[in-house]
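S.K.: One structure, pasted below without further comment.
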C-alpha cells in the first residue's frame, strides 16, 4: 500500500488529510471524477453513494478523487464544495495535484483512461480493479463482496 | 435439501423435470412470479435475467417458479409459454402445483408473502434468503457472491 | 368516419360495443397492442394511460385495440381481462377480429406494420397519424393538442 | 413585452446580448436554473433541450437564465461556460443580475419560487405560465403547442 502513489493537493468532507495507509484492513473504493462531466454526475458518483449505503462501513470505505484535466478555471475548490453539498456527497473527496502534465498526478500514476473511473483496493492495499465508464451495480456488488470476503495477507 | 418441499406440476424451457437436488453444489436463485403482475414483469424477472448474465453458470443457477394465486383462467400454460418467448426468458420455469388451498403448494410451503419473491439457496441446498418485492441489484449481487464464496458443508 | 373500417369482435372495459362514429367530435387515440409484447407493455400502453390522464375527456378519447398476430392460444379473452385488471388499464379495449389472414382485420385494413401502434383520428373522424413503435411524450402531446385545436369541418 | 422586466448581466452561447423583444412573434421558453442544483441538471435542462429539439425553431425559441441564489463563489462564469459545454447545452444562456437582494433581479421580478422554473411567453410577449419543479413532457408539449396555435394579438 505504501507503494501506491497518491497525491492529494486538498481535501473536502474531512477535517484532516487522509493517506491510503489509513484504509489498511478495509476494502477501499475510490471514485475518480470531474464535477462537470455528465457521466460522473449521472452514473459514477451516484453509484459510489450506493456503495457507501449498501456495504458496512467496517468492511468498505468510499472516497472521491477529483481529477480535473479540462476546464480548470471552471473547477475551483469553491465550485467543488458547492457541488458536493448540493448533490449530498458526504464521503471524503481529495483534489488531485495538477502540475505541468496533461493529467493530474494520481490519475496519471494510476494509469487511468478518463473519468469516471472506479478503483478498488483490497484489505491489504493492493489495487485490484479499475472500471472506466459504467459498470453494472450487480457485478460491482459481487466484486466488492468478493474482496471483502478475502483473508488479508500480512 | 431433500427436506425442502418443491412441487412443480409442469416445466417450461427444459426438456426434463428438475429437482432441487439437481442444484447441489450450486447457489440457486428461484424467481417466484406471476406473468400478469406488473412488479414481476418490470422488476423481478429482469433482475433474475441479470443474475443469470452476471454470474458464472458453474457458481449460480437461476430458475423460475410460476406460482399463480389469481386469474387462473388467464394464466394458461400456453400463455406462459408465449410470455417466456416474448420476454426472452430462457432459464427453466416450473409451474407450481395448484390444489384447493389459496396458494400454490410450493409457494405456500415456503411461506412466501406474494410475488415477486426471490429465494436463494446455498450450495448445500439450504434456503438462505427470500426477498419479497424489490431488492437492489448491488445488495443482491453482494449477497449472491457471499453465498458463492462459502465452503460447502457436507 | 363511416368509411374507416373497424372490426371489433369483442369489447372489454365497457358494457356495450362502441363504434368509431361514437367518437365524432372528439380527438380519438387508439392504442393497438398485444398483451404479450414487451414494447406494448413497457411503452405503448403506459403512454396511452398518460394520454388519458393528461388531456380532458371532453377533448380526447382513448381506447385500446388488441390485435394479435402471434401466440393466439396464449392470448385468450380471460388472459386479456386479467392483464387489463393487473396493469390498471381502464379505457375500453376492443379485440380485433381474426379470420384466415395473417393479421387481424382492423389492423390489416389500417395498414399497420406491427404493435405497438398509436393511431390518431381528428374530431371529424379522419385518420391523421399512426406511430409504430416509440414516439416521445412531448411530440405526442404537441400533436394531440394540435388536433384538439382544429375546428371540426362539417 | 416591453413591460416584462429582464436583467441579464452577461450572455453565453450567443455573440450578442438579447432582449425579450427579439422574440416577438415566437413562443419563448425560458429555463431558469442553477448549474449546481440536481433538479436543474437532471430534469429542467434536459427538458429544455427536448423542447428545442421537438419544436420548429420558427415557432418556439428556448433560452436559459442562470439565476444563482446560493454558492455564488462556486458559480463563476467560467464554471458555467464549462458546464454548458460538457452538457451540450447550445441555446443562449443569460446570467441574471445579482445585487444586494436575496434573489437575482429577473428571478425576483418574475416572482419565481426557485429553480428549476420553466417560464413560457406567448407570441405577443406575455408571460403565460411558469412551472416550478417538474412538469411532465406530454403536458408541456401540449401547452407549448396550444400557445403556438394562438393567433398573435396585435
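Here's the yes/no breakdown for (1) over 21 Å from residue D:59 (Cα atoms); (2) more than 14 Å from every other protein chain (Cβ to nearest Cβ); (3) surrounded by fewer than 17 Cβ atoms within 10 Å (Cβ to Cβ):
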{"site": "D:103", "(1), (2), (3)": "yes, yes, no"}
{"site": "D:106", "(1), (2), (3)": "yes, yes, no"}
{"site": "D:110", "(1), (2), (3)": "yes, yes, no"}
{"site": "D:114", "(1), (2), (3)": "yes, no, yes"}
{"site": "D:118", "(1), (2), (3)": "no, no, no"}
{"site": "D:125", "(1), (2), (3)": "no, yes, no"}
{"site": "D:145", "(1), (2), (3)": "no, no, no"}
{"site": "D:148", "(1), (2), (3)": "no, no, no"}
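S.K.: Determine which single condition residue A:101 fails, assuming it passes every other condition in (1) within 21 Å of residue A:132 (Cα to Cα); (2) in a helix (DSSP H, G or I); (3) free of Cβ contacts under 8 Å to residues at least 24 places away in the same chain.
M.R.: Checking residue A:101 against (1) within 21 Å of residue A:132 (Cα to Cα); (2) in a helix (DSSP H, G or I); (3) free of Cβ contacts under 8 Å to residues at least 24 places away in the same chain, the one that fails is (2).
S.K.: Then there is this: From D:73, D:81, grab the single residue that is crowded, with 16+ Cβ neighbours inside 10 Å, within 12 Å of chain A (Cβ to nearest Cβ), in contact with a helix residue (DSSP H, G or I) (Cβ under 7 Å, 6 or more places away or on another chain) and outside any strand (DSSP E or B).
M.R.: The unique qualifying residue is D:81.
S.K.: I've got another one for you. For the range D:31-70, which positions are assigned to a loop (DSSP other than H, G, I, E, B), more than 8 Å from every other protein chain (Cβ to nearest Cβ) and surrounded by 21 or more Cβ atoms within 10 Å (Cβ to Cβ)?
M.R.: Once the filter is applied, which keeps residues that are assigned to a loop (DSSP other than H, G, I, E, B), more than 8 Å from every other protein chain (Cβ to nearest Cβ) and surrounded by 21 or more Cβ atoms within 10 Å (Cβ to Cβ), the range D:31-70 yields D:34, D:35, D:67, D:68.
S.K.: Here is a check on your reading of the model: is residue C:138 in a helix (DSSP H, G or I) and either more than 14 Å from the chain's Cα centre (by Cα) or surrounded by 18 or more Cβ atoms within 10 Å (Cβ to Cβ) (or both)?
M.R.: yes
S.K.: Is there a residue in the range B:15-22 that is within 28 Å of residue B:73 (Cβ to Cβ), away from chain C (no Cβ under 14 Å) and surrounded by 15 or more Cβ atoms within 10 Å (Cβ to Cβ)?
M.R.: Yes: one or more hits.
S.K.: Give the residue that is nearest to the other protein chains (Cβ to nearest Cβ), with candidates limited to residues of the range A:84-96 that are assigned to a loop (DSSP other than H, G, I, E, B) and within 14 Å of the chain's Cα centre (by Cα).
M.R.: Per the criteria, the residue is A:89.
S.K.: Next question. Would a scan of the range A:14-32 turn up a residue that is touching a helix residue (DSSP H, G or I) at 6+ places or on another chain (Cβ under 6 Å) and farther than 23 Å from residue A:124 by Cα?
M.R.: no
We did not get these values from a lab; they are worked out from the coordinates using the rules stated. Given the structure is predicted, the values throughout are model-derived calculations rather than measurements. Quick reminder, even Gly has a Cβ in these numbers, built from the backbone with ideal geometry, and neighbours come from all protein chains shown.
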